[in-house]
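See structure below.
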Amino acid sequence: MIRRIRCIAAALLASSLHTVVFAAPEPGDLQGFQWNWENDLWARGRTDRWYTNGMRYTWTYALSDAQSETTPTSASPAPISSRIRKFGDDVAALGPYPGRQSSTVGYAIGQNLYTPRHIGDPDPQPMDRPYGAFLYFSTTLSAFGEDDGSFRATDLKLGVAGPAALGDETQSLVHRAINNDVPQGWKYQVKARPGIELSHLRLYRLGAQTLPDWLGTQVGWGAVVGSLRTYASLQGTIFIGAVNNNSAPLSIANEGDFVVQDYRNVNTYRHPLLFVSTTITGVAYNYFITGATPYGRSEISHMPWVGALQWGFSIPLPRFLGYATRMAYAQTARTAEFKSPGLDRREAVQRWGMLSLNVDLD
């Protein structure tokens with residue numbers, strides 16, 4: 001049964017990649033791509049523990065304003081790009097997005113990996129975070145209000161946790177390739193569960209009319225509700241660089257959530273930016289901490305409040321095949337996510353780094 005589920009998951013990913021690579025959308029539809037990689041390898045100490053890896057590949061389309069250019073005739077079927085954008089327009093019409101400026105719809109394939117501290121231990125580790133993985137496909141609607149400098153995004157993830165998420169295969173393959181310790185405990189990962197998550201993000205620029213052009217500030221909130229995680233957060237950010245009154249707010253990904261894909265306002269990101277952001281999160285539920293495992297439930301409990309500090313930069317890169325590109329890098333330090341009889345809270349601070357490569361096709 002597990003083998004069959006893994007085969008289905010692999011087939012879904014292959015089908016999605018086939019759509020992106022071989023069913024090429026029309027140039028006016030596709031706005032850009034983003035490849036986002038979070039890993040503790042990029043952080044100080046290079047620890048291989050807890051939230052240890054996250055990868056997400058996203059492709060984004062414009063909404064509404066270009067629709068008339070690709071309206072299909074009765075004699076020819078709609079191209080895949082037009083059907084995708086039409087779906088995004090239909091969904092956006094149901095939510096708080098009609099009439100917003102610079103609206104986009106994005107699609108992503110992603111995977112998150114979680115491990116205990118000692119991946120070389122082949123025995124159960126009930127006093128540490130269990131092994132776990134989340135493999136998902138997501139759809140994101142976003143809009144940037146050029147008049148008020150606000151940003152909003154709504155994301156729906158559909159996927160699976162457990163063996164079918166291919167965490168064992170992914171981490172073992174990578175560790176063998178870099179000649180690192182191969183994890184020994186994936187047989188004790190959290191049990192299989194469908195992953196359904198709905199998230200929403202709102203960001204607001206502050207002081208755009210009074211601050212100098214090189215300084216920007218913002219506040220925001222986000223929430224996630226689902227079968228694997230439920231939490232809400234508040235954030236504040238300061239960014240320095242070639243910002244202006246019409247610049248879009250900035251948000252750095254956190255375990256694949258709250259990823260800003262705003263290619264309709266790319267001028268913001270065509271200049272170097274430095275940023276510092278703080279976040280406070282209230283956690284109601286996290287299956288990857290307290291979920292069932294083959295040895296029962298771990299002897300740990302999630303922390304109701306978690307704080308994080310992020311800092312980094314975004315820089316433009318040389319044009320690639322005529323397209324604008326940029327790279328973002330960030331460091332994250334997060335307070336303890338769980339309480340354990342075998343772990344001092346000061347030891348439980350986690351750090352990881354993030355690399356993001358963006359290609360703008362507009």
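Here are some notes:
- Residues of the stretch 293-321 that are within 17 Å of Tyr51 (Cα to Cα), part of a strand (DSSP E or B) and of a type in the set (A, V, I, L, M): Val306, Ala308, Leu309.
- Of all residues making up the stretch 335-348, the number that are surrounded by 12 or more Cβ atoms within 10 Å (Cβ to Cβ) and touching a residue at least 40 places away in the same chain (Cβ under 8 Å): 5
- Per the conditions (1) more than 29 Å from Phe33 (Cβ to Cβ); (2) under 21 Å from the mean Cα position of the chain (by Cα), the sole criterion not satisfied by Gln350 is (1).
- Filtered by the rule that a residue be more than 21 Å from Val260 (Cβ to Cβ) and β-branched (Val, Ile, Thr), the stretch 143-173 gives Val160, Thr170.
- Residues (among the hydroxyl-bearing types (Ser, Thr, Tyr) and surrounded by fewer than 16 Cβ atoms within 10 Å (Cβ to Cβ)) located in the stretch 286-329: Tyr295, Ser301, Tyr323, Tyr329
- Selection from the stretch 154-164 of residues that are in a helix (DSSP H, G or I) and out of contact with any helix residue (DSSP H, G or I) (no Cβ under 9 Å at 6 or more places or on another chain): none
- Taken together, the residues in the stretch 165-194 that are loosely packed, with under 15 Cβ neighbours inside 10 Å, touching a strand residue (DSSP E or B) at 6+ places or on another chain (Cβ under 9 Å) and either outside any loop (DSSP other than H, G, I, E, B) or free of Cβ contacts under 8 Å to residues at least 60 places away in the same chain (or both) amount to 1.
- Among the residues of the stretch 265-292, the one identified as modelled with pLDDT under 90 and part of a strand (DSSP E or B) is Leu273.
- Selection within the stretch 138-153: residues that are more than 12 Å from Leu203 (Cα to Cα), in a strand (DSSP E or B) and over 11 Å from the mean Cα position of the chain (by Cα). The member of this set that is modelled with the lowest pLDDT is Leu141.
- A count restricted to the stretch 301-316 and to residues that are touching a Lys or Arg at 6+ places or on another chain (Cβ under 6 Å) and among the aliphatic types (A, V, I, L, M) stands at 1.
- Restricting attention to the stretch 154-194 and to residues that are under 30 Å from Val219 (Cα atoms) and among the charged types (D, E, K, R), the residue that is modelled with the lowest pLDDT turns out to be Asp155.
- Filter result for Ala133 (part of a helix (DSSP H, G or I) and either of a type outside the set (Phe, Trp, Tyr) or surrounded by 16 or more Cβ atoms within 10 Å (Cβ to Cβ) (or both)): no
The values are calculated or read from the model by the stated rules, or taken from the named source; none is laboratory data. Small disclaimer: the values here were computed from a predicted structure and weren't measured. Every residue, glycine among them, receives a Cβ derived from its backbone with ideal geometry; neighbour counts consider all protein chains shown.
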